[in-house]
1. Please work out which one of (1) out of contact with any Lys or Arg (no Cβ under 9 Å at 6 or more places or on another chain); (2) over 30 Å from Phe68 (Cβ atoms); (3) surrounded by fewer than 16 Cβ atoms within 10 Å (Cβ to Cβ); (4) not charged (D, E, K, R) is the condition Ile5 fails and give its number.
2. Look through the range 97-149, keep the residues that are within 30 Å of Glu332 (Cβ to Cβ) and β-branched (Val, Ile, Thr), and return whichever of them is surrounded by the most Cβ atoms within 10 Å (Cβ to Cβ).
3. Among what's in the range 222-248 and is hydrophobic (A, V, I, L, M, F, W, C) and surrounded by fewer than 24 Cβ atoms within 10 Å (Cβ to Cβ), pick the residue that is nearest to Glu278 (Cα to Cα).
4. Which residue pairs have Cβ atoms closer than 7 Å, lie 6 or more positions apart in sequence or on different chains, and pair a first residue in the range 144-165 that is basic (Lys, Arg) with a second residue that is surrounded by fewer than 15 Cβ atoms within 10 Å (Cβ to Cβ)?
5. Where in the range 41-148 are the strands (runs of 3 or more DSSP E), entirely inside, with at least 3 residues that are within 17 Å of the chain's Cα centre (by Cα)?
6. Quick check on the range 43-50. Is at least one of its residues over 23 Å from Ile97 (Cα atoms) and hydroxyl-bearing (Ser, Thr, Tyr)?
7. Would you pick out the residues in the range 210-245 that are of a type in the set (S, T, N, Q) and more than 17 Å from the chain's Cα centre (by Cα)?
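The values are calculated or read from the model by the stated rules, or taken from the named source; none is laboratory data. Computed from a predicted structure; not experimentally measured. Ideal geometry is used to build each Cβ from the backbone, glycine not excepted, and the neighbour counts take in all protein chains shown.
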Amino acid sequence: MSYLIKPENYMPLLDLQQTELGIKQIKEFFQQNLSSELKLRRVTAPLFVLKGMGINDDLNGTERPVSFPIKELGDREAEVVHSLAKWKRMTLADYNIEPGYGIYTDMNAIRSDEELGNLHSLYVDQWDWERVITAEDRNIDFLKEIVNRIYAAMVRTEYMVCETYPQIKPCLPEKLFFIHAEELRQLYPDLDSKDREHAITQKHGAVFVFGIGGKLGDGKEHDLRAPDYDDYTTPGINGLPGLNGDLLVWNDVLKRSLELSSMGIRVDKEALLKQLKESGNEYRKSLYFHKRLLDGTLPLSIGGGIGQSRLCMFYLRKAHIGEIQSSIWPAEMIKECEELNIPLI
């Protein structure tokens, strides 16, 4: 089901040619800053992986991957990646990356079950990154340090954009506000999880919400996560579970929060076994990725994804992700966008 947020009196600040140039400038500038902040080297990533290896990201556990048979492999099925959360960790091992260093890549995916709208497209592009850590790094303070480094790169990028295009004014606060999903629930007990995000992000401008995936005090998850990449059960901030989270900024064009990144300290052997059991997915222990993690041949790591089109959409003050990337949209949405002065690429 598609859904279009309709901003009042919307007028793009950049024309199509300026927008295309802005996209190029943002992507080049931000990835260079991200690489420097986290000591990441660029690697080449797959568009698809073999089915049944446990490598593809299961996201919320309900999305169906786009798949196709490979003639030369006896029609064995391949799946277009949802993201590269697990593949990156194997690549760290295969490249013998040392603690304190990592990798990043341009991840391109197709998510055919996505609910299309201003923020969601069939086509997903993000910087997927992963960095080797030590056992001593598996704590909330280290996670906050990494998040703050990424946010610093975001602030510098906004400054570059505003210097290049004076009609765009800066809006990111100097500091990021941190809160656990359970604390957020208690702060806004009458709101659902998305409306809580809107409320807290409107108040602070930029927020990192810890503890995404585990059950909160009301027995519900703030949002769903696959059980085999982020560690959402190990105690973190204020003793509450979760060494992961989402980075949100306030989108003044759409008057709502905008998730730019999801990241976290990855599961170790203990957390993997616990989360597979709690989620009813213990059968995954026999899959290739999971066996490598359990037998100790994968390094401890931290990682995440940063939406490229969403980041550009935010910096260029666009109302629809289709102003940044070329995709497929329902005919009714295309018509409505034309009426609202939203030029889809």
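1. (1)
2. Val124
3. Filtering the range 222-248 for residues hydrophobic (A, V, I, L, M, F, W, C) gives 224, 226, 237, 240, 243, 247-248.
This time we only want the ones that are surrounded by fewer than 24 Cβ atoms within 10 Å (Cβ to Cβ), so: 224, 226, 237, 240, 247.
Details: Leu224: 13, Ala226: 11, Ile237: 21, Leu240: 17, Leu247: 26 Å.
The qualifying residue nearest to Glu278 (Cα to Cα) is Ala226.
4. none
5. Numbers: elements: 48-50, 67-70, 76-80, 102-110, 123-132.
Result: 102-110, 123-132.
6. No, there is no match, as no residue in the range 43-50 is over 23 Å from Ile97 (Cα atoms) and hydroxyl-bearing (Ser, Thr, Tyr).
7. Residues satisfying the conditions are Thr233, Thr234, Asn238.
One line per residue, one yes/no per condition, for (1) at pLDDT 95 or above; (2) of a type in the set (A, V, I, L, M, F, W, C):
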{"residue": "Asp231", "(1), (2)": "yes, no"}
{"residue": "Leu240", "(1), (2)": "yes, yes"}
{"residue": "Gly245", "(1), (2)": "yes, no"}
{"residue": "Leu254", "(1), (2)": "yes, yes"}
{"residue": "Leu258", "(1), (2)": "yes, yes"}
{"residue": "Lys269", "(1), (2)": "yes, no"}
{"residue": "Lys277", "(1), (2)": "yes, no"}
{"residue": "Tyr288", "(1), (2)": "no, no"}
{"residue": "Asp295", "(1), (2)": "yes, no"}
